[in-house]
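Following: one structure in structure tokens, then a few remarks.
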Amino acid sequence: MVNKYTLNLLFDNHGRQLNYLRLAVTDRCNLRCFYCMPEEGLNFSKKSQILTYEEMERLIGILAKLGISKIRITGGEPFVRKDLVPFMKTVSEIDGIDRLSITTNGTGPLKQIEDLKTMGIHAVNLSLDCLDRERFHKITRRDEFEQVMSYYKALLEAGINTKINAVVMQEHNLDDIIPMCELTQQDNVSVRFIEEMPFNGGSKGYTPIEWNHNKILAHIKKAFPNLIKLTDEKNSTSYNYQIPGAKGSIGIIPSYTRTICGTCDRIRLTPKGELKTCLYQNGSFSFRDFMRDGATDQEIENKFKELFNQRAKDGFEAEKQKSSESSSFESMATIGG
Ligand code: SAM
Ligand code: SF4
């Protein structure tokens, strides 16, 4: 029988296999979502500080040999990095990688969608927190609502597996929750509501959220009492539901209440090449410096194994281990959402 002892797979010290890489290719972005970064932006990395595409391809090649088969490209806004499409095409052809997805804010030109389709993209996660132009402007500090809606429609027309990511914010978009659920009745889309996390880059303070999974679900069930619970995929980050007869589905991601850590199969690499074994963990080790200091592929493989052998069991334990000054100003754009 094939098991972790007969194959060279990557496991953590809690017996969880890692097979999904979230790769942040930049920390830069053309929007300024207030839950992610301040109006003036972040102290963005210089080009020399972030991994080159060649360095990323090398790490992916090593991880693919350790059983990593799924990759999500994220950021920052991935499409603001030059030559992203040819890079993604190369990644999609790496032996062992069979699922390539991307998370984007959908402000790029619509012709990107054709490129994504041609390379056989598995899914596009589109960030869209509301269905109203003014609220969108307030949240993202940019007037791009119409563009993002066109991007959304073009994704559906192209037949690309599309998910909408909506961060639930008490002060901004509660009125959008039900209309966004209704969207799933007409469109084959998965609308996923995300609990707000304390990674806003110092944009604002953070008080532990009131709108958690349970509250969001209760709110949705009030409007749709017959809401169906779907079977969640193994390692799913969301709890999934469906309105009877709907074309799409509804998900809730407990990113703050962290009830899904037990099956976490994710590796995060920041734009600077730091490994995060958990969203709530400090970047623990710089693979950029390791590679630039001449590490061999075998040494890199061993380092991944060593670091995952010290992984916190969940996001709460990881958060406890983090020093207090480093946690307060982190942004999802530098972590890689
Ligand atoms: N720029 C791209 C986008 O917005 O889709 C990709 C990067 S963004 C950091 C990835 C995801 O993280 C987005 O869906 C965004 O809504 C989410 N996100 C950012 N800051 C967050 C926060 N403080 N809490 C929860 N989700 C957050
Ligand atoms: Fe940019 Fe995405 Fe952060 Fe919004 S959530 S500021 S689009 S990186």
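Summary table below
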| read-out | value |
| --- | --- |
| Strands (runs of 3 or more DSSP E) lying entirely in region 248-337 (those with 1 or more residues that are among the hydrophobic types (A, V, I, L, M, F, W, C), open to solvent by less than 40 Å² (accessible area, probe 1.4 Å) and closer than 24 Å to Thr140 by Cβ) | 249-253 |
| Members of region 116-140 found to be within 12 Å of His172 (Cβ to Cβ), open to solvent by less than 70 Å² (accessible area, probe 1.4 Å) and not aliphatic (A, V, I, L, M), listed by number | Asp129, Cys130, Asp132, Phe136, Thr140 |
| Leu84 being within 16 Å of ligand 2 (Cβ to nearest atom), more than 22 Å from Asn200 (Cβ to Cβ) and of a type outside the set (Val, Ile, Thr) | yes |
| Single unsatisfied condition, Thr263 versus (1) at pLDDT 90 or above; (2) touching a Lys or Arg at 6+ places or on another chain (Cβ under 8 Å) | (1) |
| Residue selected from region 190-217 under the condition of a type in the set (Lys, Arg) and within 12 Å of ligand 1 (Cβ to nearest atom), by the criterion nearest to Leu42 (Cα to Cα) | Lys204 |
| Test: Asp27 is open to solvent by less than 20 Å² (accessible area, probe 1.4 Å), more than 16 Å from ligand 2 (Cβ to nearest atom), in contact with a helix residue (DSSP H, G or I) (Cβ under 9 Å, 6 or more places away or on another chain) and touching a residue at least 40 places away in the same chain (Cβ under 8 Å) | no |
| Which listed residue, of Lys89, Lys46, Lys111, is open to solvent by 40 Å² or more (accessible area, probe 1.4 Å), more than 11 Å from ligand 1 (Cβ to nearest atom) and within 29 Å of Pro198 (Cα to Cα) | Lys46 |
| Conditions (1) among the polar types (S, T, N, Q); (2) in contact with a strand residue (DSSP E or B) (Cβ under 9 Å, 6 or more places away or on another chain); (3) open to solvent by less than 30 Å² (accessible area, probe 1.4 Å); number of the one not met by Gln17 | (3) |
| Among the candidates Lys111, Lys89, Lys117, residue that is within 16 Å of Ala154 (Cα to Cα) and in contact (Cβ under 8 Å) with a residue 12 or more places away in the chain | Lys117 |
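The values are calculated or read from the model by the stated rules, or taken from the named source; none is laboratory data. The structure displayed is predicted, hence computed values, not measured ones. Using ideal geometry, Cβ is built from the backbone for each residue, glycine included, and neighbour counts are taken over all protein chains shown. What goes into the accessible areas is simple: the full protein's heavy atoms, side chains included, and nothing from ligands, DNA or RNA. Shrake-Rupley method; radii C 1.70, N 1.55, O 1.52, S 1.80 Å.
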